[in-house]
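This report refers to the structure that appears directly beneath it.
All of the numbers you see were taken from the coordinates with simple rules; none came from a lab. Note that the coordinates shown come from a computational prediction; the quantities given were computed from them, not determined experimentally. Heads up, the Cβs are rebuilt from the backbone with ideal geometry, glycines too, and the neighbour counts pull from every protein chain shown.
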Amino acid sequence: MSTFHETAIAAAIAAKLPLGHPVVPTPSTDPGAAGDAVVIAFTGAPGARIAIQVADPSRLEDGSADQPLPDRLHPVFEAAVAVLGAGALGRGEEVSAAEVFTAPGTQVFDVLGADGTVDARIAVRIDGERLGGSAAPVRMNRIAGVEMELVVEIGRTRMPVREVLGLEPGRVVELDRAAGSPADIRLNGRLIGHGTVVVADGDFAVRVERILDTAESA
């Protein structure tokens, strides 16, 4: 299943949330949820049901701490559905987070701060007809300015805590990839392609060798 709309909506929400610091949406490995979330419905082609759970609403820097949370988040939802085109956005309401985060067809994202703290969570379910290829580029322009994190990964390894504590300058750590193998290109934690690490103007860069037809989960 394509995740174009879900990923675009999550990126727009992360860019609009008034948290006072940059955050990045990452596909979650934990679809469960406790507590309440604000959910809203969008009627269009496609339609969507979107939920936002803010870990600590008191940290929202929107100057509206005395207003109901659904009202405070409404501008965020408006930004999120811009990628879907024409339609009607309903009013947000607070419901049990588990009700929307675990619903079939829902994709869940964790919104992470620079220190890895989960500042919010997002649940997106796309309903109805999906867009054809001709309409997608036009609507993509609406979120073209949203920044997303692109990471090039040359390999990974797992180490016991005792070995991590013993790391020191000069120590060689072996990775799970042979020399010369292509590097993974990840967008917001999702594998989207492979490439070769090169040097360009004295800086490391990546030459894209392949873009995956369907992005894989992190």
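Could you list THR196, THR106, THR29, THR7 so that the one with the fewest beta carbons within 10 Å of its beta carbon is first and the one with the most is last?
Working: THR196 14, THR106 17, THR29 10, THR7 22.
So the ranking, lowest neighbour count to highest, is THR29, THR196, THR106, THR7.
Dividing the mean sequence gap of close Cα pairs (under 8 Å, 6+ apart) by how many residues segment 17-73 holds gives a relative contact order of 37 percent. Sequence-ordered 3J(HN,Hα) estimates for segment 44-56 from the Karplus curve with 6.51, -1.76 and 1.60 and θ = phi - 60° stand at x, 10, x, x, 7, 10, 10, 10, 10, 10, 8, 4, 9 Hz, glycine and proline given as x.
Work through the residues other than ALA37 whose Cβ is under 12 Å from its Cβ and net out their charges, Lys, Arg +1 and Asp, Glu -1.
On the way: positive: ARG49, ARG121; negative: ASP36, GLU93, GLU94, GLU99.
Local charge sum for ALA37: -2.
For the chain, relative contact order (Cα pairs under 8 Å, six or more residues apart, normalised by length) works out to 23 percent. Compared with the dominant principal axis of the Cα atoms in the chain, helix 4-16 is inclined by about 80°.
With Rg/Rh (Cα atoms, Kirkwood Rh) as the read-out, I listed (1) 1.02; (2) 1.05; (3) 0.97; which label goes with the value calculated from this structure? So the calculated entry is the one marked (1). Give the residues of segment 11-39 whose amide nitrogen is closer than 11 Å to a point set 7 Å from the Cα of ASP62 in the direction of its Cβ. The answer is 16-19, 38, whose backbone nitrogens lie closer than 11 Å to the label point.
Sorted from fewest to most neighbouring beta carbons within 10 Å, what does the list GLU78, GLU147 look like?
Working: GLU78 14, GLU147 10.
The order, fewest Cβ neighbours first, is GLU147, GLU78.
For the chain, the longest principal axis of the Cα atoms and the long axis of helix 69-81 meet at an angle of about 60 degrees. Per-residue ellipticity at 222 nm from helix content only, as computed over the chain with -39500 (n - 2.57) for each DSSP H run of at least four residues, stands at -5000 deg cm²/dmol. Counting 0.36 nm for each residue step from ALA34 to GLU149 and taking away their Cα separation leaves a gain of 38.7 nm. Ranked by the mean number of other Cβ atoms within 10 Å of their residues, highest first, the peptides 87-98, 37-48 come out as 37-48, 87-98.
Sequence-distant contacts, meaning Cα pairs under 8 Å at least 6 residues apart, place the relative contact order of segment 151-216 at 28 percent. Legend: calculated FRET efficiency, ARG207 to GLU168, from the Cβ-Cβ distance at R0 = 35 Å, rounded to 0.05, equals 0.60.
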